[in-house]
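One structure below.
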Amino acid sequence: MNLNTKLVIFLFLFTGILSAQEEEKINANQYTEDPETVFFNVELFYPVSIGNSVYSEYDFDPGYAIDFNWFFKPELTLGVRFAVHRGYPKNISETGNIDRGAFHLIGIDFGYYKAFNRKWNLSSRLGIGLNSAVYVAPEDKFSEEGGKVWVHAEIAHRLDKTIAFFFKTGIDHDFWDIETSDAKNSYFNNHFLLNAGIGFRINLQNPGG
């Protein structure tokens, strides 16, 4: 076999190896190099009060949330979040004569998205929003308004390009403007919640994703 033939065979094999490696790289990164344009989360979460506040006198039901997230950069998102949960006072001497409260949130958040591989990714978000609470008492119904800030993180597993499921945890800080004495101001108006949740995600790819 002459030298030219050997060189042709070598170049052919070398080109084939590079092509296979490039194809493998593209396949491995098809969700990361060309990420989705938006994704939607549908979530079930359970809030637990932490610290000394009137929230510690409530039994909270699991809540639900829906959020929309838009990739304005490959790893950065802007989102809108809507969430609802209910609470039932355990001790009305601390909360007032209330049967239950329903807590609603509408807010925006800024997120960082990191794909580890085709299947697993991390999404962490910092958000701020408007809280409203509707309280039902035996002979009355009234509402309060306030705010919320939160830091959440989600670990997601992708089943395919479109559907993923995730586990999440995070901290919420609720703040209200309830008129009360100075001694009770923090107790009624500043609260921290530890949230744990699960949900599924709908991913929408870019045209070449």
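Miscellaneous remarks
- Estimated distance in nm for a label pair at ASP140 and TRP70, the labels positioned 7 Å out from Cα along Cα-to-Cβ: 4.2
- Per-residue SASA entry for VAL149, accessible area with 1.4 Å probe, Å² rounded to 10: 50
- Altogether, the Stokes-Einstein calculation at 25 °C and 0.890 mPa s, with the Kirkwood radius of the range 70-209 over Cα pairs as Rh, returns a diffusion coefficient of 143 µm²/s.
- Size of electric dipole in the range 154-209: Cβ of Lys, Arg +1 and of Asp, Glu -1, about Cα centre, debye, nearest 20: 480
- For the pair LYS90 and PHE40, a Förster radius of 25 Å applied to the C-beta separation gives a FRET efficiency near 0.10, rounded to the nearest 0.05.
- As a fraction of the 1.4 Å probe accessible area of the range 87-134, surface on carbon and sulfur atoms comes out at 63 percent.
- Gain in span if fully extended, VAL149 to ASP99, counting 0.36 nm per residue against the direct Cα distance: 15.4 nm
The values are calculated or read from the model by the stated rules, or taken from the named source; none is laboratory data. Treat the numbers as computed from the prediction; the structure is a model and nothing was measured. FYI the Cβ positions are ideal-geometry reconstructions off the backbone, even for glycines, and counts take in every protein chain you see. We work out accessible area using only protein heavy atoms, side chains counted, and drop any ligands, DNA or RNA first. Shrake-Rupley method; radii C 1.70, N 1.55, O 1.52, S 1.80 Å.
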